[in-house]
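Student: This is the structure, below, for whatever I ask next.
Every read-out reported here was derived from the displayed coordinates using simple, explicitly stated rules and does not represent laboratory data. Everything quoted here is computed from the prediction, not taken from an experiment. So basically every Cβ, Gly included, is an ideal-geometry build from the backbone, and we count neighbours across all protein chains shown.
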Amino acid sequence: MGKSSSLAEQEFVKLQAQLHQSAQDTWTYLEKLKHSLSEYDHKYHLHHSRSASSFFVDGLDHAKDAVKELKHTADHIRKDAGATEANAARRSMEQAFNALADLHKVANAYDSEHPTPYKHSDKKPTISEKVEWLVSTTQTLDESAC
């Protein structure tokens, strides 16, 4: 029985490390995305009413809250390792995943409401001028950096 208990403890230690790493990676991505949105606004001279940054405030806050919860879950998983904690970890991971997926929905909504980043032009934006592209490539760049 002691051997299986030790094995379970090792698995929870691994899970805790993975949760911490996921939380850190996601937090880094969110910070990069926030910076990228600010650069996008600056590049296209977008002010508060049309800015991508202001459009994303709630979505980024929600995602950051989900990451904080994931980190909190990771901090407590080793102390009370069991099925309840494993389920809490799963829920926290799902919440973080859903919050990130919601950022793509926010990006699509922004692109729909602001079809061109150019102030006084009907010029159609290229793929790389869309906020959805920014959300996706920031994530891709973050993943390739790991």
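Student: Tell me which label goes with the value of Rg and Dmax of the Cα atoms in Å computed from the coordinates here: (i) 25.6, 77; (ii) 19.2, 72; (iii) 17.3, 58.
Tutor: Entry (ii).
Student: Take VAL135, VAL106, VAL13 and order them by how many other Cβ atoms sit within 10 Å, fewest up front.
Tutor: VAL13, VAL106, VAL135
Student: Would you mind checking the tilt of helix 131-145 against the longest principal axis of the Cα atoms of the chain, expressed as 0 to 90 degrees and rounded to 10?
Tutor: Computed tilt is about 40 degrees.
Student: Among SER92, SER53, SER38, determine the one that fluctuates most according to a GNM of the chain built with springs between C-alpha atoms less than 10 Å apart.
Tutor: Looking only at SER92, SER53, SER38, the largest GNM fluctuation is found for SER38.
Student: Further question: Going through the cross-link list LYS34/LYS64; LYS71/LYS105; LYS34/LYS105, which pairs have a Cα-Cα distance over 18 Å in this structure? Before the final figure, lay out the partial values.
Tutor: On the way: LYS34/LYS64 11 Å; LYS71/LYS105 24 Å; LYS34/LYS105 16 Å.
Pairs exceeding the cut-off: LYS71/LYS105.
Student: Measure nothing but the geometry: give the 0 to 90° angle between the long axis through the Cα atoms of 2-43 and the longest principal axis through the Cα atoms of the chain, rounded to 10°.
Tutor: With rounding to tens, the tilt is 10 degrees.
Student: While we're on this one: State, as an integer percentage, the relative contact order of the chain based on alpha-carbon contacts under 8 Å between residues 6 or more apart. Display every interim value, and only then the final one.
Tutor: Details: 120 pairs, mean separation 43.1, N = 146.
For the chain, the relative contact order is 30 percent.
Student: May I pose another question? Rounded to the nearest 0.05, what FRET efficiency is calculated for ASN108 and ASN87 with R0 set to 35 Å and r the Cβ-Cβ distance?
Tutor: The pair ASN108/ASN87 has a calculated efficiency of 0.65.
Student: Dipole size in debye (nearest 20) for the range 2-145 around its Cα centre, Lys and Arg Cβ +1, Asp and Glu Cβ -1? The partial results should precede the final answer.
Tutor: Working: 18 positive and 22 negative charges, 22 e Å.
Magnitude of the dipole: close to 100 debye.
Student: Continuing with the same structure: For the chain, take the longest principal axis of its alpha carbons; what is the angle in degrees between that and the long axis of helix 83-113, to the nearest 10 within 0 to 90?
Tutor: It is inclined by approximately 0 degrees.
Student: Among LYS123, LYS64, LYS32, which one shows the highest mean-square fluctuation when the chain is modelled as a Gaussian network with alpha-carbon springs under 10 Å?
Tutor: The residue with the greatest mean-square fluctuation here is LYS123.
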